[in-house]
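Below: the structure, in structure tokens.
The values are calculated or read from the model by the stated rules, or taken from the named source; none is laboratory data. The structure displayed is predicted, hence computed values, not measured ones. For neighbour counting, all protein chains shown are included, and Cβ atoms are generated from backbone atoms with ideal geometry for every residue, glycine included. For accessibility, only protein heavy atoms count, side chains too; no ligands or nucleic acids. Shrake-Rupley method; radii C 1.70, N 1.55, O 1.52, S 1.80 Å.
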Amino acid sequence: MGLIIVQTGRKCKSCIPENSFLAIFGSIAQNFMSCVYNFREIHSLYFIYGSHKILMVIVKYSVFFARTEADCLCNFSFSGSDFLFERILSMNHITDLPAIFGSDVFNETVMRQRLAPEVFLAWRDCVTGGTPLPLDVANHIAEAMKEWATEKGATHYTHWFQPMTGITAEKHDSFLTPAGGGKIIMEFSGKELVRGEPDASSFPSGGLRATFEARGYTAWDPTAFAFVKDGSLYIPTCFFSYTGQALDTKTPLLRSLEEVSREAIRILRLFGDNETMRVNASVGAEQEYFLLPKDLYAQREDLRLTGRTLFGAPAPKGEEMEDHYFGTIRTRVSNFMKDLDEQLWRLGILSKTKHNEAAPCQHEMAPIYTDCIAACDANQLVMEIMKKCAAKHNLVCLLHEKPFACVSGSGKHNNWSLSTDTGRNLFSPGKTPRQNASFLVFLAAFIKGVDEYQDFLRCTVASAGNDHRLGANEAPPAIISIFLGDELTAVVDSIVNGTNYTDPEKSVMRIGVDVLPAIPKDTTDRNRTSPLAFTGNKFEFRMLGASQSIAEPNIALNTIMAEELSKFADILEQSEDFDAALQKLVHETFTAHQRIIFNGNGYSQAWADEAAQRGLSHLRTTTDAIPALVSEKNVDLVTRRGIFSKAEYLARYEIHLE
């Protein structure tokens with residue numbers, strides 16, 4: 001259904017020329033236009049044009065068009081002598097999801113259609129095998145990108161990168177090139193695609209760059225797809241200095257992915273897997289947020305200046321009734337969510353779940369998890385689009401970790417796993433986890449890595465906002481531990497104690513209502529208070545704050561896993577009896593690092609006391625945590641594995657302090 005708005009003489013963002021309006025709606029609209037000027041108050045009229053049911057809302061003089069009711073509410077809200085539209089009419093806006101998904105992305109499907117076969121294969125070799133991309137191939141890709149983008153209305157391109165600010169950065173250049181005689185042509189070269197030159201001294205560098213050392217470069221990341229947004233072609237890039245030092249979060253993330261892939265393949269080869277060529281981290285970041293009416297937000301100076309409330313009486317209603325979580329979504333919020341989903345889907349973002357969260361005005365968007373780089377890029381877009389989309393609906397989106405006292409704060413649950421390019425999830429235990437030897441090796445490596453580098457993980461989620469959130473209202477505590485659940489814990493215990501493990505039969509729950517079928521019962525519960533919970537075939541890192549980039553936590557997880565897998569591979573590759581060495585390795589690892597496993601209540605004082613007895617670190621605040629970032633052990637880890645140079649890593653420490 002289309003929506004036509006006829007509004008009082010003031011101009012509006014969605015205005016289209018009268019001749020375009022007439023061209024679209026033909027003689028029916030023309031006849032209708034002849035009587036528009038006779039109206040002096042709001043009227044509405046439906047008419048049929050082809051297969052479309054058109055709603056026309058008449059408000060005095062001028063004609064405007066809005067595609068959805070949500071657009072109307074944004075563009076046609078007035079005060080004073082004008083009219084205020086709270087809601088015009090319920091509209092059935094039908095979205096063809098398969099058609100729009102990824103429609104604004106220069107993805108692999110588009111490349112197959114627009115690139116010559118040899119150019120496409122050269123790009124594939126670059127992405128999968130690390131083969132350098134020749135300039136002539138880059139020129140062909142750039143021309144195809146430009147043609148595709150301009151067909152979608154783009155006039156500019158930008159190298160889109162992620163400096164050490166926690167958000168993204170972009171500088172837009174037009175495709176315009178003078179052609180003589182006062183004319184222009186639209187050009188975009190391979191050189192412009194693969195390299196840009198922003199100012200490197202104006203971003204946080206932790207001392208790597210001084211003001212007089214301004215030169216920096218952006219380099220195209222061919223593993224991430226370009227996309228069109230707001231009239232520009234966005235090209236995902238890495239950002240580094242004139243001296244080659246990484247000034248962003250994407251470059252070390254790519255390095256960590258290379259490390260974990262190489263070490264995981266070493267392990268897989270020992271188990272006879274000769275097909276896997278690459279192992280990638282799969283990530284899905286659930287995003288929590290608050291939505292507030294813009295007029296109420298404007299009345300709170302503390303919210304406007306700091307993103308959270310600093311004073312005032314408690315709200316008359318908090319979470320006492322526990323009725324907001326998964327409750328009915330209000331119409332205004334539902335309209336926002338529909339608009340948000342459509343924008344994310346067009347950019348190829350796998351927005352899957354939306355619901356009310358625990359606190360009043362709190363909500364969540366959860367995506368299907370995908371490869372790590374795509375997930376990190378997508379989450380940056382999610383946060384940006386949430387804020388812009390909220391403004392369109394006269395709302396304000398808050399991403400602060402604890403905007404209100406006495407109710408839940410907002411986090412970002414980072415679901416992390418390892419998957420092969422053949423489609424195998426390396427953390428999927430199958431039906432017999434005790435007998436799934438490769439799974440046990442990867443599980444042991446993860447448990448060992450988290451135990452040895454728990455302070456490193458804690459540092460990656462340390463922020464002033466997150467300090468207010470951790471430890472209460474469904475947020476995990478500041479003590480790092482791993483929740484395995486009853487079944488896997490029993491497996492670990494049987495290996496440690498050398499006892500037989502009995503695989504539990506899945507029981508069924510009898511509801512006691514004849515019309516309802518028996519429901520299979522999981523062999524383990526869920527633990528909302530655990531910082532790192534195993535959830536079937538992945539680990540959910542639940543400590544991240546809502547406003548932070550997910551790059552640093554995933555760099556840490558990838559690097560820790562690469563380190564432990566490397567040590568395991570060194571032992572197993574040199575063994576004469578692989579099975580005996582494997583059994584000994586898994587037994588010793590689980591025995592030595594059992595202290596990090598905890599399935600109980602993370603909020604209790606008893607756990608804090610027990611954690612201290614176990615020797616686990618408890619870095620309560622950011623000021624407690626940050627010094628651990630530059631401990632000798634952590635510096636050695638990231639530099640030896642090539643994730644950071646020592647200068648790059650110490651620079652990040654300085655930025656955290658600032």
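Quick one: order R332, R124 from most to least accessible surface, probe 1.4 Å. Write down the numbers at each step before the final one.
Numbers: R332 105, R124 80 Å².
Final ranking, largest accessible area leading: R332, R124.
If you average the sequence gap of Cα pairs under 8 Å that are 6 or more apart and divide by the length of the stretch 519-658, what percent do you get for the contact order?
Working: 62 pairs, mean separation 25.7, N = 140.
About 18 percent, as a whole number.
On the protein heavy atoms, probe 1.4 angstrom, tell me the percent of accessible surface of the stretch 279-348 carried by carbon and sulfur.
So the carbon and sulfur contribution to the accessible surface is 54 percent.
Could you give each residue of the stretch 142-152 its phi-based ³J(HN,Hα) in whole Hz, using Karplus coefficients 6.51, -1.76, 1.60 with θ = phi - 60°, and x for Gly or Pro?
Residue by residue, the stretch 142-152 yields 4, 5, 5, 4, 5, 4, 5, 5, 5, 4, 9 Hz.
Rounded to the nearest whole Å², what accessible area per residue is found for the stretch 366-490 with the 1.4 Å probe?
So the stretch 366-490 comes to 27 Å² accessible per residue, rounded to a whole number.
Sorted by mean Cβ packing within 10 Å, highest first, what order do the peptides 528-536, 416-424 take?
Going by the mean number of other Cβ atoms within 10 Å, highest first, we get 528-536, 416-424.
Give, as a single signed number, the net charge of other residues whose beta carbon lies under 12 Å from the beta carbon of R269, with Lys and Arg counted +1 and Asp and Glu -1.
Computed value for this residue: -2.
Please identify which residues in the stretch 229-258 have an amide N closer than 17 Å to a label point set 7 Å out from the Cα of H172, following the Cα→Cβ vector.
Correct set: 229-236.
Over the stretch 597-658, with the other protein chains present, what is the accessible area per residue in square angstrom, probe 1.4 angstrom? Could you put the intermediate results ahead of the total?
Working: 3200 Å² over 62 residues.
Accessible area per residue, the stretch 597-658: 52 Å².
Over the Cα atoms of the stretch 351-427, compute the convex hull volume and normalise it per residue, giving Å³.
Values: hull volume 8.7 nm³, N = 77.
Looking at the stretch 351-427, the number lands at 114 Å³ per residue.
Please compute the net charge surrounding A562, taking Lys and Arg as +1 and Asp and Glu as -1 over other residues with Cβ under 12 Å from its Cβ. The partial results should precede the final answer.
Values: positive: R255, R262, R266, K567, R640, R641; negative: E258, E259, E263, E563, E564.
Within the 12 Å Cβ shell, the charges total +1.
Please give the peptides 149-157, 296-304 ranked by average Cβ packing (other Cβ atoms within 10 Å per residue), highest first, as a rough proxy for protection.
Numbers: 149-157: 17.2, 296-304: 13.4.
The peptides rank, most packed first, as 149-157, 296-304.
Using packing as a proxy for protection, rank 96-102, 605-611, 333-339 so that the peptide with the highest average count of other Cβ atoms within 10 Å comes first.
Details: 96-102: 12.4, 605-611: 14.1, 333-339: 19.4.
Result, highest mean first: 333-339, 605-611, 96-102.
Using 1/(1 + (r/R0)^6) with R0 = 35 angstrom and r between the beta carbons of E384 and V127, what's the FRET efficiency to the nearest 0.05?
Efficiency, from the Cβ-Cβ distance: 0.85.
Considering all projection directions equally, how large on average is the shadow of the alpha-carbon convex hull of the stretch 174-245, in square nanometres?
Mean orientational projected area (the stretch 174-245, Cα hull): 6.8 nm².
What distance in nm separates the two pseudo spin-label positions at N425 and E320, each 7 Å out from Cα along the beta-carbon direction?
The answer from the label model is 4.1 nm.
Grab the other residues whose beta carbon is less than 10 angstrom from that of I479, score K and R as +1, D and E as -1, and report the net.
Summing Lys and Arg as +1 and Asp and Glu as -1 gives +2.
Give the aspartates and glutamates whose C-alpha is closer than 20 Å to that of K352, dropping any in the same chain fewer than 8 places away, or say none.
Counting by Cα, and skipping residues close in sequence, K352 has these aspartates and glutamates nearby: D96, D104, E286, E288, D339, D341, E342, E364, D371, D377, E384, E540.
For the residue pair I368 and N497, what label-to-label distance in nm results when each label sits 7 Å from Cα along the Cα-to-beta-carbon direction?
Modelled inter-label distance: 4.2 nm.
Is the shape of the stretch 148-189 best called rounded, prolate or oblate, per the rule: a/c under 1.5 gives rounded, else a/b larger than b/c gives prolate, else oblate, with a ≥ b ≥ c the square roots of the Cα gyration tensor eigenvalues?
prolate
Please report the carbon-and-sulfur percent of the accessible area for the stretch 375-494; probe 1.4 Å, protein heavy atoms only, DNA, RNA and ligands left out.
The nonpolar share, carbon plus sulfur, comes to 53 percent.
Please tell me which of these pairs span more than 20 angstrom C-alpha to C-alpha: K448/K584; K567/K646; K146/K191?
The pairs that break the limit, which is 20 Å between Cα atoms, are K567/K646.
Can you give me the three principal axis dimensions of the stretch 249-383 from its C-alpha atoms, in Å, biggest first?
Extents along the principal axes, in whole Å: 62, 31, 30.
Averaged per residue, what accessible area in Å² does the stretch 144-248 show with a 1.4 Å probe, protein chains only? Walk me through the intermediate numbers first.
On the way: 4610 Å² over 105 residues.
That works out to 44 Å² per residue.
Could you check the simple spin-label distance between E658 and R304, using points 7 Å along Cα→Cβ, in nm with one decimal?
According to this spin-label approximation, the distance is 2.8 nm.
Stretch N537-K183 to full length: gain in nm at 0.36 nm per residue minus the Cα-Cα span? Don't skip to the answer; put the middle values down first.
Working: separation 354, 0.36 × 354 = 127.44 nm, distance 5.86 nm.
Stretched fully, the N537-K183 segment lengthens by 121.6 nm.
Quick one: pull the percent of accessible area on the stretch 540-622 belonging to carbon and sulfur, 1.4 Å probe, ligands and nucleic acids left out.
48
Mind listing the Cα extents of the stretch 119-158 along all three principal axes, in Å, largest one first?
Principal extents (Cα only, largest first): 34, 17, 17 Å.
State the Cα centre-to-centre distance between the stretch 457-498 and the stretch 560-589 in whole Å.
Value for the Cα centre distance between the two parts: 25 Å.
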